[in-house]
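What follows is a short report on a single structure.
The values are calculated or read from the model by the stated rules, or taken from the named source; none is laboratory data. If you're wondering where the values come from, they're calculated on a predicted model, not measured in any experiment. Ideal geometry is used to build each Cβ from the backbone, glycine not excepted, and the neighbour counts take in all protein chains shown. These area figures cover heavy atoms from the full protein model, side chains too; ligands, DNA and RNA do not enter into them. Shrake-Rupley method; radii C 1.70, N 1.55, O 1.52, S 1.80 Å.
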Amino acid sequence: YSFTPSPNIRKNVKDLNHLKDYLKEYEEKEKWLVRGQGDRTVSTGWQPRHTETLPPRPYYLATQNQIVSVSGDTSYYNQQAADVLLERLNISQFSLDTWTENVRKWITQTIFKHLVHEIETINTVLEQLGSAECKVGSVSTAVLSKISVNKQEHMPNIALLLPYLEVCVNQEYLTRRIFELAEGSCLGCYKWDSGGTNKTLPWNKELPTDAQIVFHCIATYLDSHLPRNPMYPEGRTFSTQYFIQTPSKVETKKKDFALFQSSIHPPHFKLLLPNDEVWEVNRGRNNLFHAMILLLHYLGTEYHGMLGSVNLGPTGLNMLWIVGNPR
């Protein structure tokens, strides 16, 4: 299993010392990757204590989006500011590329593969019960909700599936897109600012972008693992406490930190920190993934790997491996 160094890294090699440091880091990373292939496990949203080994399939990034840190004016982007933040956080471009691949793998294996499995299982049971016309992807979530009450003994996981489907009214499109995103190992067909075809019609803004679908599924996964808060009876603890979406303002932040989606079209995510600090990520196809990387890195270094009362390390959800288990 091997990574190809990104050509963009070359711009950071300014002299012989930089080259030696880079080669040393590259060799160490290669050794770490080889050692780690048999050890990396992920917690599933359907069976929280179950672990599954990730398949060793490489994914090569086409482009990189630099991280930018600013305070106040969140519309400001600057390459120098990006380099300063990466240096301050001790994140090399190589690490950023590696972690982007890791988070894409984690999303595919932990969330989308299991969504497909649950949808197929539920649809098979519905057909066996003589309710083939009520399959997931054919009816609304309201209909599925009624089915979950009446036939839960036959489909115990249908209640866990429903929150993932609430991102889009068009269930036929959403179900098909979930299956497409689950193909392969690294969200190969992901289109950050658009999506797939709607039957024979091209994607349009009435449908969610892939970034919106992916983030909704990540948020729902975390909702399912965080303890329920009496203030939020619907069970969306992460979505309500650690996420803000425009047109809501950053001032509505309920915790010291939060992910903020400042734009729907095109989708754009950033991280809000204490003292009005903003960790900005350049616009583009990797914006969401880099926002998640920043969040995990921040929690690993500032909160001992804890999201509320949930451990994101090996003894919990096991997500910190995505960013090299920072401390």
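If you count, for each residue, the other Cβ atoms within 10 Å and average over each peptide, how do 125-137, 107-119 line up from highest to lowest? Before the final figure, lay out each step's value.
Numbers: 125-137: 15.3, 107-119: 20.9.
Put in order of decreasing packing, that is 107-119, 125-137.
Can you give the accessible area of LYS249, probe radius 1.4 Å, in Å² rounded to 10?
130 Å²
Give LYS135/LYS191; LYS151/LYS254; LYS135/LYS270; LYS105/LYS254 a once-over and call out the pairs whose C-alpha atoms are over 32 Å from each other.
Values: LYS135/LYS191 27 Å; LYS151/LYS254 37 Å; LYS135/LYS270 37 Å; LYS105/LYS254 30 Å.
Among LYS135/LYS191; LYS151/LYS254; LYS135/LYS270; LYS105/LYS254, the Cα-Cα distance tops 32 Å for LYS151/LYS254; LYS135/LYS270.
Go through 282-291, 188-197 and give me the packing order, highest mean Cβ count within 10 Å leading.
So the peptides 282-291, 188-197, ranked by packing, come out 282-291, 188-197.
Identify the GluC sites (Glu not before Pro) of the stretch 185-264 meeting these criteria: DSSP loop state and at most 13 other C-beta atoms within 10 Å of the C-beta. Don't jump to the answer; show the numbers that get you there.
Details: sites: GLU206, GLU234, GLU251; in loops: GLU206, GLU234.
Within the stretch 185-264, the qualifying GluC sites (Glu not before Pro) (loop, at most 13 other Cβ atoms within 10 Å) are GLU206, GLU234.
How big is D, in µm² s⁻¹, for the stretch 185-327 by Stokes-Einstein at 25 °C and 0.890 mPa s if Rh is the Kirkwood radius over C-alpha pairs?
So the translational diffusion coefficient is about 153 µm²/s.
For THR200, THR98, give me the order by solvent-accessible area with a 1.4 Å probe, most accessible first, ignoring ligands, DNA and RNA.
Ranked list, largest accessible area first: THR200, THR98.
Which value, in Å to one decimal place, does the Kirkwood hydrodynamic radius take for the stretch 215-297 when every pair of different Cα atoms is included? Walk me through the numbers on the way to the answer.
Values: mean 1/r = 0.0761 Å⁻¹.
Hydrodynamic radius (Kirkwood, Cα only) of the stretch 215-297 equals 13.1 Å.
What Kirkwood Rh does the stretch 263-325 have if only Cα atoms enter the pairwise 1/r average? Answer in Å. Could you put the intermediate results ahead of the total?
Details: mean 1/r = 0.0799 Å⁻¹.
That comes to 12.5 Å for the stretch 263-325.
Under the Kirkwood approximation applied to all pairs of distinct alpha-carbon atoms, what is the hydrodynamic radius of the stretch 75-200 in Å?
17.0 Å
What residues have an amide H closer than 5 Å to that of GLY305, excluding those fewer than 5 places away on the same chain, when H is modeled at 1.01 Å from N in the peptide plane?
GLY300
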